[in-house]
Amino acid sequence: MGLRLYHFLRFVVRPFLPRVETTWEVPFDGRPCVFVCNHDRAMGPLEMAVNFPLVDESRIWIFADPLSRETTPAYVRQDHWWNETSRLAPFYNAVIPPVVSVLLPPILRSVPHVPVYHDIRAVRTMKETLRVLRDEKQHIVIFPEIPTGYGEHSTDKINEGFLNLLPMYRKLTGEELKIWPIHLDARAHALRVKAPIVWDAGRSLEEQVPELSRQILNGMFQ
């Protein structure tokens, strides 16, 4: 039922999305990797789940909270779905979360994904991601931006936890895991895949995190 629902929804939604041209700064090597994309409101997740050329070879990192009907309301209220200064904010706060909790979880669960946890279960996220990369030879799509308000995300900092995949993947496979930044400009109908970022295995990850974060930010926004 899950995949059938996803393919049906993708078929229904695709005609309503603007045609986006995907360009690659360098040819893709086909190896399992991590794609990091900007949100551009909700268009980033939509385009990556519907029109990205490698969508059928990829899994998307999705927060675990909106995958469950019980935890979706709190997630919606905390994720800046509406302007909190609006006079209608109390109405939105009362009506939108329970409605979304019915509609959103089955849709998200149908998308090929890896659940992302932010507690002790984060270990499960990393293990499942490594399994998908190594055993299924599929790619991972991540949206590392940090929401800062209604329709806004930080352009100075990203969630950096996923960078731990780099040494973990190398230890598991002996190979380097590349990060391919993607800049989506929905208004320009452009999806630009930038040259991959590769960490230096000869240096500690901790030392490289600021440098890697800046390269990722530059790739997603320039």
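Points to keep in mind about this one:
- Restricting segment 189-199 to residues that are assigned to a strand (DSSP E or B) and of a type in the set (A, V, I, L, M) leaves a set whose member that is surrounded by the fewest Cβ atoms within 10 Å (Cβ to Cβ) is ALA190.
- Across segment 65-106, the qualifying residues are those that are among the aliphatic types (A, V, I, L, M) and surrounded by 15 or more Cβ atoms within 10 Å (Cβ to Cβ), and the one among them that is nearest to ARG121 (Cα to Cα) is LEU67.
- Contact map, segment 74-101: residues that are at positive phi paired with residues that are outside any loop (DSSP other than H, G, I, E, B) and surrounded by fewer than 13 Cβ atoms within 10 Å (Cβ to Cβ), Cβ distance under 6 Å, separation 6+ or inter-chain. Pairs shown: HIS80/GLY149.
- Candidates ALA186, ALA195, ALA201 - the one that is touching a Gly at 6+ places or on another chain (Cβ under 9 Å) and either at pLDDT below 95 or farther than 24 Å from VAL20 by Cα (or both): ALA186
- Among the residues of segment 120-135, just one is touching a residue at least 24 places away in the same chain (Cβ under 8 Å) and either loosely packed, with under 14 Cβ neighbours inside 10 Å or outside any helix (DSSP H, G or I) (or both), namely ARG121.
- Residues of segment 200-222 that are over 20 Å from the mean Cα position of the chain (by Cα) and outside any helix (DSSP H, G or I): ASP200, ALA201, GLY202, ARG203, SER204.
- Against the numbered list (1) modelled with pLDDT under 90; (2) in a helix (DSSP H, G or I); (3) of a type outside the set (Lys, Arg), ILE107 comes up short only at (1).
- Search result, residues across segment 111-140 that are closer than 16 Å to VAL34 by Cβ and touching a Phe, Trp or Tyr at 6+ places or on another chain (Cβ under 8 Å): PRO112, HIS113, VAL114, VAL116, THR125, THR129, LEU130, LEU133, ARG134, HIS139, ILE140
- Restricting segment 159-197 to residues that are in contact (Cβ under 8 Å) with a residue 60 or more places away in the chain and of a type in the set (D, E, K, R) leaves a set whose member that is farthest from GLN215 (Cα to Cα) is GLU175.
- For PHE35, the criteria (1) surrounded by 12 or more Cβ atoms within 10 Å (Cβ to Cβ); (2) without any contact (Cβ under 8 Å) to a residue 40 or more places away in the chain hold in every case but one, which is (2).
The values are calculated or read from the model by the stated rules, or taken from the named source; none is laboratory data. Remember, predicted model here, so these are calculated numbers, not experimental data. Every residue, glycine among them, receives a Cβ derived from its backbone with ideal geometry; neighbour counts consider all protein chains shown.
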